[in-house]
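Scroll down for the structure; my scribbles are underneath it.
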Amino acid sequence: MALNQHLPLVYHPNYSFNFDPNHRFVMSKFAHLYQQVKTLGLANSNLIIPQLGSPEALESVHCDNYIQDLWHNRLDDKAMRRIGLPWSEQLMARTFTAPQGTLQTARLALEHGIACHLAGGTHHAHTDFGSGYCMVNDLAFTAQTLIQSGEITNVLIFDLDVHQGDGTAAMLQHQPYAYTCSIHCEKNFPFRKSTSDLDIGLTNNMQDDEYLGVVDDTLRFLLRELNPDLVLYDAGVDIWQQDGLGKLDISWQGIEKRDHLVFKRCIEHNTPVASVIGGGYDRDHLRLAKRHSIVVEQAAQF
């Protein structure tokens with residue numbers, strides 16, 4: 001398809017590094033995802049490498065003490081356990097670069113209508129602590145940066161990860177021009193939810209048709225009501241029926257239909273959309289990368 005080469009993709013080689021292959025968080029998935037989209041013929045001259053991030057940039061949304069303590073490995077054991085990842089310099093490099101990647105993806109979407117980040121969606125990070133494998137919040141950072149700079153007036157964060165976007169909701173609760181919507185499995189992590197502008201908690205084992213109906217109705221309503229300048233789409237693939245941390249019963253085809261639907265509705269509404277990959281858990285690392293590549297394949301169709 002001729003359009004494929006024009007879909008902007010954002011990726012940095014530091015997103016994956018040598019990491020415990022048995023850890024629940026699959027650090028290799030970003031490199032595998034990059035290889036997968038290359039194999040599919042979707043990554044060529046359209047690949048953009050974001051600038052290396054710094055802690056200072058994240059102080060616009062995070063507590064500067066937290067950011068500096070994280071960067072310099074000064075957080076206590078309890079705080080690191082809550083994050084769930086072992087500190088390393090490589091982890092810090094990727095952690096602070098990924099939000100720059102999401103910001104760049106959003107700017108490319110504003111320019112081209114659609115763009116995909118091969119990382120991002122760290123929605124459990126709060127202002128002054130990390131949680132659930134998330135240390136800094138790329139979605140809150142991107143929304144706040146674009147609003148403050150005047151590049152956009154308002155933004156919809158449409159979070160379809162299986163887990164509630166608690167950090168994003170909490171960090172943006174006083175930002176009137178960022179609207180947070182989370183459609184997630186209710187009886188799943190985080191067990192203490194934040195309050196998004198719109199929360200839709202799904203029952204365990206929900207299947208494709210009901211799920212896709214909820215997603216479609218919600219997105220159509222929000223696009224009509226908010227008329228956002230940009231949609232930041234968290235395309236978590238942990239909704240899949242065999243995901244290690246999911247609890248929903250969504251098929252592989254259901255994920256394809258969901259991603260297609262989100263892009264289709266945004267484009268019908270002439271709303272730029274930037275996607276991030278969000279969560280996905282699998283002992284089979286290559287299968288996980290293929291699952292994450294669905295959002296890129298669907299975007300490429302537009």
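If you take the residues in the stretch 7-24 that are not hydrophobic (A, V, I, L, M, F, W, C) and not in a loop (DSSP other than H, G, I, E, B), which one is nearest to Pro99 (Cα to Cα)? Give the steps one after another, and end with the answer.
Filtering the stretch 7-24 for residues not hydrophobic (A, V, I, L, M, F, W, C) gives 8, 11-16, 18, 20-24.
Applying the additional criterion that residues be not in a loop (DSSP other than H, G, I, E, B) yields 13-15.
Details: Pro13: 14, Asn14: 13, Tyr15: 11 Å.
Of everything passing the filter in the stretch 7-24, Tyr15 is nearest to Pro99 (Cα to Cα).
How many residues are of a type outside the set (A, V, I, L, M), over 20 Å from Asp216 (Cβ atoms) and in contact (Cβ under 8 Å) with a residue 24 or more places away in the chain when one looks only at the stretch 139-163?
To start, the set of residues in the stretch 139-163 that are of a type outside the set (A, V, I, L, M) comprises 141-142, 144-145, 148-151, 153-154, 158-159, 161, 163.
When the remaining residues are screened for being over 20 Å from Asp216 (Cβ atoms), the result is 141-142, 144-145, 148-151, 153-154, 163.
From what's left, in contact (Cβ under 8 Å) with a residue 24 or more places away in the chain: 141-142, 144-145, 148, 151, 153-154, 163.
The qualifying residues number 9.
Taking the criterion of being surrounded by fewer than 21 Cβ atoms within 10 Å (Cβ to Cβ), out of contact with any helix residue (DSSP H, G or I) (no Cβ under 9 Å at 6 or more places or on another chain) and under 28 Å from Arg192 (Cα atoms), would at least one residue in the stretch 88-100 satisfy it?
Among the residues of the stretch 88-100, at least one is surrounded by fewer than 21 Cβ atoms within 10 Å (Cβ to Cβ), out of contact with any helix residue (DSSP H, G or I) (no Cβ under 9 Å at 6 or more places or on another chain) and under 28 Å from Arg192 (Cα atoms), which makes the answer yes.
On the basis of being modelled with pLDDT of 95 or more and hydrophobic (A, V, I, L, M, F, W, C), does Leu288 make the cut?
Numbers: modelled with pLDDT of 95 or more: yes; hydrophobic (A, V, I, L, M, F, W, C): yes.
So Leu288 fits the description; yes.
Check whether at least one residue in the stretch 88-110 is charged (D, E, K, R) and part of a loop (DSSP other than H, G, I, E, B), and report yes or no.
Taking the stretch 88-110 as the starting set, the residues that turn out to be charged (D, E, K, R) are 89, 94, 107.
Subset that is part of a loop (DSSP other than H, G, I, E, B): none.
Within the stretch 88-110, none of the residues are charged (D, E, K, R) and part of a loop (DSSP other than H, G, I, E, B).
Could you check, for the stretch 49-65, whether at least one of its residues is surrounded by 20 or more Cβ atoms within 10 Å (Cβ to Cβ), without any contact (Cβ under 8 Å) to a residue 60 or more places away in the chain and part of a loop (DSSP other than H, G, I, E, B)? Lay out the reasoning, then the answer.
Filtering the stretch 49-65 down to residues surrounded by 20 or more Cβ atoms within 10 Å (Cβ to Cβ) leaves 50, 53, 58, 61-62.
This time we only want the ones that are without any contact (Cβ under 8 Å) to a residue 60 or more places away in the chain, so: 50, 53.
Then drop every residue that is not part of a loop (DSSP other than H, G, I, E, B), which leaves 50, 53.
The answer is yes, given that some residue of the stretch 49-65 is surrounded by 20 or more Cβ atoms within 10 Å (Cβ to Cβ), without any contact (Cβ under 8 Å) to a residue 60 or more places away in the chain and part of a loop (DSSP other than H, G, I, E, B).
So which of Asp20, Asp69 ends up being at negative phi, of a type in the set (Asp, Glu) and surrounded by 14 or more Cβ atoms within 10 Å (Cβ to Cβ)?
Working: Asp20 fails: surrounded by 14 or more Cβ atoms within 10 Å (Cβ to Cβ).
The match here is Asp69.
Out of everything in the stretch 216-230 that is of a type outside the set (A, V, I, L, M, F, W, C) and surrounded by 16 or more Cβ atoms within 10 Å (Cβ to Cβ), what residue ends up being nearest to Asp159 (Cα to Cα)? Spell out the reasoning first.
Quick first cut of the stretch 216-230, residues of a type outside the set (A, V, I, L, M, F, W, C) only: 216-218, 220, 224-225, 227-229.
Filter once more, keeping what is surrounded by 16 or more Cβ atoms within 10 Å (Cβ to Cβ): 216, 218, 228-229.
Values: Asp216: 13, Thr218: 11, Pro228: 15, Asp229: 17 Å.
It comes out as Thr218.
Return yes when Gly236 is small (Gly, Ala, Ser), assigned to a loop (DSSP other than H, G, I, E, B) and under 21 Å from Arg82 (Cβ atoms) and no when it is not.
Working: small (Gly, Ala, Ser): yes; assigned to a loop (DSSP other than H, G, I, E, B): yes; under 21 Å from Arg82 (Cβ atoms): yes.
So Gly236 passes the test.
What number of residues within the stretch 188-217 satisfy the criterion of being within 25 Å of Ala140 (Cβ to Cβ) and in contact (Cβ under 8 Å) with a residue 40 or more places away in the chain? Please lay out each step first, then the result.
Of the residues in the stretch 188-217, the ones within 25 Å of Ala140 (Cβ to Cβ) are 188-202, 214-215.
Those still in the list that are in contact (Cβ under 8 Å) with a residue 40 or more places away in the chain too: 188-190, 202, 215.
Residues that pass the stated criteria total 5.
Of all residues in the stretch 248-270, count the ones that are surrounded by 21 or more Cβ atoms within 10 Å (Cβ to Cβ) and assigned to a loop (DSSP other than H, G, I, E, B).
Here the count works out to 1.
Quick one: in the stretch 167-215, of everything that is aromatic (Phe, Trp, Tyr) and either exposed (fewer than 15 other Cβ atoms within 10 Å of the Cβ) or in a loop (DSSP other than H, G, I, E, B) (or both), which residue is modelled with the highest pLDDT? Walk me through it before giving the result.
Kept after step one, since they are aromatic (Phe, Trp, Tyr), are these residues of the stretch 167-215: 177, 179, 189, 191, 211.
If we keep only those that are either exposed (fewer than 15 other Cβ atoms within 10 Å of the Cβ) or in a loop (DSSP other than H, G, I, E, B) (or both) as well, we get 177, 189, 191.
Numbers: Tyr177: 98, Phe189: 94, Phe191: 89.
If we take residues in the stretch 167-215 being aromatic (Phe, Trp, Tyr) and either exposed (fewer than 15 other Cβ atoms within 10 Å of the Cβ) or in a loop (DSSP other than H, G, I, E, B) (or both), then Tyr177 is modelled with the highest pLDDT.
Hey, can you tell me all the residues within the stretch 72-85 that are free of Cβ contacts under 8 Å to residues at least 12 places away in the same chain and loosely packed, with under 13 Cβ neighbours inside 10 Å? It would help to see each step written out before you state the result.
Kept after step one, since they are free of Cβ contacts under 8 Å to residues at least 12 places away in the same chain, are these residues of the stretch 72-85: 72, 74, 76-78, 80-81.
Scanning the stretch 72-85 gives His72, Arg74, Asp76, Asp77, Lys78, Arg81.
Surrounded by fewer than 16 Cβ atoms within 10 Å (Cβ to Cβ), under 20 Å from Ile277 (Cβ atoms), touching a residue at least 24 places away in the same chain (Cβ under 8 Å) and not acidic (Asp, Glu): is that true of Gln104 in this structure?
Working: surrounded by fewer than 16 Cβ atoms within 10 Å (Cβ to Cβ): no; under 20 Å from Ile277 (Cβ atoms): yes; touching a residue at least 24 places away in the same chain (Cβ under 8 Å): yes; not acidic (Asp, Glu): yes.
Considered against the rule, which asks whether it is surrounded by fewer than 16 Cβ atoms within 10 Å (Cβ to Cβ), under 20 Å from Ile277 (Cβ atoms), touching a residue at least 24 places away in the same chain (Cβ under 8 Å) and not acidic (Asp, Glu), Gln104 comes out as no.
Ala140 is checked against (1) in contact with a His (Cβ under 8 Å, 6 or more places away or on another chain); (2) under 18 Å from Ala235 (Cα atoms); (3) not in a loop (DSSP other than H, G, I, E, B) and fails just one. What number does that condition carry?
Just one mismatch for Ala140, condition (1).
Of all residues in the stretch 22-79, how many are modelled with pLDDT under 95 and aromatic (Phe, Trp, Tyr)?
Going through the stretch 22-79 one residue at a time, the tally reaches 1.
Quick one: what pairs do we get from the stretch 251-269, first residue over 24 Å from Leu110 (Cα atoms), second not in a helix (DSSP H, G or I), C-beta under 7 Å, 6+ apart or different chains?
That search, which allows pairs on different chains as well, returns Ser251/Gln241; Trp252/Trp240; Ile255/Val237; Ile255/Ile239; Ile255/Trp240.
The values are calculated or read from the model by the stated rules, or taken from the named source; none is laboratory data. These numbers come from a predicted model, not from an experiment. Cβ coordinates were reconstructed from backbone atoms using ideal geometry, including for glycine residues, and neighbour counts include every protein chain displayed.
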